[in-house]
1. Please work out which residue is surrounded by the most Cβ atoms within 10 Å (Cβ to Cβ), limiting yourself to the range 69-83 and to residues that are among the aromatic types (Phe, Trp, Tyr) and under 21 Å from MET101 (Cβ atoms).
2. Of all strands (runs of 3 or more DSSP E) completely enclosed by the range 103-191, which ones contain at least 1 residues that are under 22 Å from THR287 (Cα atoms)?
3. Could you give every pair whose Cβ atoms fall below 8 Å, whose first residue belongs to the range 194-214 and is farther than 12 Å from ASP258 by Cβ, and whose second residue is modelled with pLDDT under 70 and open to solvent by less than 60 Å² (accessible area, probe 1.4 Å), counting only separations of at least 6 or pairs across chains?
4. List the residue pairs whose Cβ atoms are under 6 Å apart, where the first residue sits in the range 264-291 and is under 11 Å from CYS233 (Cα atoms), the second is open to solvent by 50 Å² or more (accessible area, probe 1.4 Å), and the two are 6 or more positions apart or on different chains.
5. Any residue that is under 30 Å from LYS266 (Cβ atoms), open to solvent by 40 Å² or more (accessible area, probe 1.4 Å) and of a type in the set (Gly, Ala, Ser) - is there at least one of those in the range 96-103?
6. I want to confirm something. Restricting to the range 148-165 and keeping residues that are open to solvent by 20 Å² or more (accessible area, probe 1.4 Å) and more than 15 Å from the chain's Cα centre (by Cα), which single residue is farthest from TYR221 (Cα to Cα)?
7. From the list TYR236, TYR243, which one is part of a helix (DSSP H, G or I), touching a helix residue (DSSP H, G or I) at 6+ places or on another chain (Cβ under 8 Å) and aromatic (Phe, Trp, Tyr)?
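The values are calculated or read from the model by the stated rules, or taken from the named source; none is laboratory data. Please read these numbers as outputs of a predicted model, since none were measured by experiment. When we count neighbours, we look across all protein chains shown, and the Cβ atoms used for this are built from the backbone with ideal geometry, even at glycine. Note: areas computed on protein heavy atoms with side chains; ligands, DNA, RNA excluded. Shrake-Rupley method; radii C 1.70, N 1.55, O 1.52, S 1.80 Å.
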Amino acid sequence: KGAATRRKMSALNVGARSGLLQAATRAAVHRVTPISSRRVAAPFQSASFRTSAPSSLKLQPEANVEGKRIKYFQIYRWDPDESSKPTVATFPIDMADCGPMVLDALIKIKNELDPTLAFRRSCREGICGSCAMNIDGTNTLACLARIDPKTAKTKIYPLPHMYVIKDLVADMTNFYAQYKTIEPWLQRDESKVEKRIVDEDGTVKEGYHDKKERDVLDGMYECILCACCSTSCPSYWWNSETYLGPAVLMQAYRWIADTRDESTAKRIAQLDDSYKLFRCHTIMNCTKTCPKSLNPGLAIAKIKQRIAMSYV
């Protein structure tokens, strides 16, 4: 009888342990794990987030709710002054009382719903590049991105694979440091006098630049350095410390192609590097995502061509 009782108790213990294990497994399966964050700047990558939206909000389509056309904006939130992990907050917006662009919705949310929401913006005309972010999976400018009336929700995240300062504000320090390395200004040898306009008092004015030579710069000088192209490039994601990225390389070629610049050989030699330039694998995400319809991939190909010609 005693042995039977012990066997029965042992079976109950095994069953209890098994039940706990199954419960723990179910909890692990359903647990939402946010991305890791740093205290100063958290690198944004695709992952699961905690969301403040009830399931009914996430699934409810845009409809006439009490006479309002409601659309939901799911926005990445992270505050370095708080210890919480990144989250996705959902904001309902009445489209009958909102402008047509995503930037209009963000401004409305900040003004009327949550003044702590952080994002960059300036010109509202697609010129400054400040409001670059990832909208519904595409890097673009919030001021140029129209709100899609056919979808129930719009997802807004910071530029991918960039450290985040707060919410939708990406840290552009490394991007601008790389831009500085290409010396993006006209470099002239003042000892030469060819193609110079000299005033009567001997003052040297800007060099001669005919229309054909000027046309070569079209499609490059319009770049606003928003970093949409660079942050869409997988090569830049994994080698952002060494690979210059599409935006910076296109600006580099803008000065190589400028006939007024007299440091062409030096510029080409600086880019002849296995990481700075040749980490480009012609994926062409940069050209596809550019909000200004430019072609960084073509500029990079021309740099490679110029380097090849320098060895002939």
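1. Step by step, filter the range 69-83, then rank; the result is PHE73.
2. 132-135, 138-141, 153-157
3. VAL204/ARG196; LYS205/ARG196; TYR208/ARG196
4. Filtered contacts from the range 264-291: THR287/ASN295.
5. So far as the range 96-103 goes, no, none of its residues is under 30 Å from LYS266 (Cβ atoms), open to solvent by 40 Å² or more (accessible area, probe 1.4 Å) and of a type in the set (Gly, Ala, Ser).
6. ALA152
7. Testing whether each residue is part of a helix (DSSP H, G or I), touching a helix residue (DSSP H, G or I) at 6+ places or on another chain (Cβ under 8 Å) and aromatic (Phe, Trp, Tyr) leaves just TYR236.
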